[in-house]
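Before any comments, here is the structure.
The values are calculated or read from the model by the stated rules, or taken from the named source; none is laboratory data. Fair warning: this is a prediction, and the values are worked out from it, not measured in the lab. Because the Cβ atoms are built from the backbone with ideal geometry, glycine has one as well, and the counts that use them run over all protein chains shown. Surface accessibility is based on the protein's heavy atoms, side chains included, excluding ligands, DNA and RNA. Shrake-Rupley method; radii C 1.70, N 1.55, O 1.52, S 1.80 Å.
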Amino acid sequence: MVVMVTSIVATGLAAVASVVSLTLAGHGGGHPGPLEWGGAPLTVDSLPRVPYVAHRGGAREVPENSMSGLMAAYRRGTAQVLDVDTRVLRDGTPVAFHDASLNRTTFLGGEVRLLDAREWRGVRLRPRDRLPGSWRAERPPTVAEVLDRFGGRIVLMLEAKDPRGVDRLAALIRSRGLTRSVFVNTNDPEVARRVHGLGLLTQLWRSARQLRTDRPERWRPYVDLLDVDIRARDADLRRAVRSGIPRVWAHTVVTPAQRDRALALGCDGIITDAPGRLARHPARTPGAVSAALGR
């Protein structure tokens, strides 16, 4: 298999220097979890009433789906959940990556699914120039590395971009004792049903267009978290909130006004590319927002 190189950049030593250590968790074969766990990992039961999610690690503030970006989001403490996209390599290895293609966020071209784990080690992320701060190229992590570094220390959200990877994701999560610490996200209700059947926390995201005709109460038996598009109509968001699904979180929020609208309509979680920005602008009370919206 050959991956076409579309741009060659000297990243060698810089990439090595920028990668956050992936061995700090020190797991053995049984994946007992970081020492910080104490007796048990952090679970969704520890989340605040309105949690904030760093979408792709907070993609307007850090390099998306990167270990250094996730670590920065974790250390800043402006989000209680880290969101990571996942895809599957040719050999079945789940990796942290959003696009089907390498082109947008790395120095290479070609399809992610054509690489194996050995070839994946040669991929380097290309940080966007407009990101705040200074970021270096680094290798995108595997899902196992993300779970070993953050699992049990913060709640995680893994989006299964490729349904082929669901069984492998389930095995990775279960082997580390993280079934109550990780949401598995999908846009497909049937995949969500499958995730639920595997004993995992199920998250279902829906676009504004889908929400126009959705009847989310149908998913109540097997969806733990409904992830709704902030661009949806007020009536559609209210219907989602009243569906009986225990958590309804809004995506992808980037402004305080969007956040305040989501909260006013009854959403109880905020998925954002800019957790730091929102943290600098405290939420208005839902009552005040409703009054401002003329309701």
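Points worth noting:
- Modelled FRET efficiency - R0 45 Å, ALA235 with ARG118, Cβ distances, 0.05 increments: 0.30
- Largest to smallest accessible area among TYR74, TYR222, TYR52 [probe 1.4 Å]: TYR74, TYR52, TYR222
- Gained length - ASN187 relative to SER46, 0.36 nm times residue gap less alpha-carbon distance: 48.2 nm
- Quarter of the Cα convex hull surface for the range 181-295, i.e. its orientation-mean projected area (nm²): 7.2
- 3J(HN,Hα) along the range 145-161: 5, 4, 5, 5, 7, 10, x, x, 9, 7, 6, 10, 10, 10, 8, 7, 5 Hz, from the Karplus curve 6.51 cos²θ - 1.76 cosθ + 1.60 with θ = phi - 60°, whole Hz, x for Gly and Pro.
- Whole-number D in µm²/s for the range 80-146 (Stokes-Einstein; Kirkwood sum over Cα pairs; 25 °C, 0.890 mPa s): 196
- The slack between ARG209 and ASP167, meaning 0.36 nm per residue of separation minus the straight C-alpha distance, is 12.2 nm.
- Among beta bridges identified by DSSP and lying wholly in the range 52-280, the antiparallel ones come to about 15 percent.
- The string of couplings for the range 175-184 from the Karplus curve (6.51, -1.76, 1.60, θ = phi - 60°) is 5, 9, x, 10, 5, 9, 10, 9, 8, 10 Hz, one whole number per residue in order, with x for Gly and Pro.
- The range 52-280 - percent of accessible surface contributed by carbon and sulfur, probe 1.4 Å: 46
- The 3J(HN,Hα) values that the Karplus relation (6.51, -1.76, 1.60; θ = phi - 60°) gives for the range 99-110 are, in residue order, 7, 6, 10, 7, 4, 5, 10, 10, 8, 10, x, x Hz. Gly and Pro appear as x.
- Taking N as the residue count of the range 52-280, its C-alpha radius of gyration divided by 2.2 N^0.38 Å amounts to 0.98.
- Once the C-beta distance of ARG76 and ASP99 is scaled by a Förster radius of 22 Å, the resulting FRET efficiency is 0.30 to the nearest 0.05.
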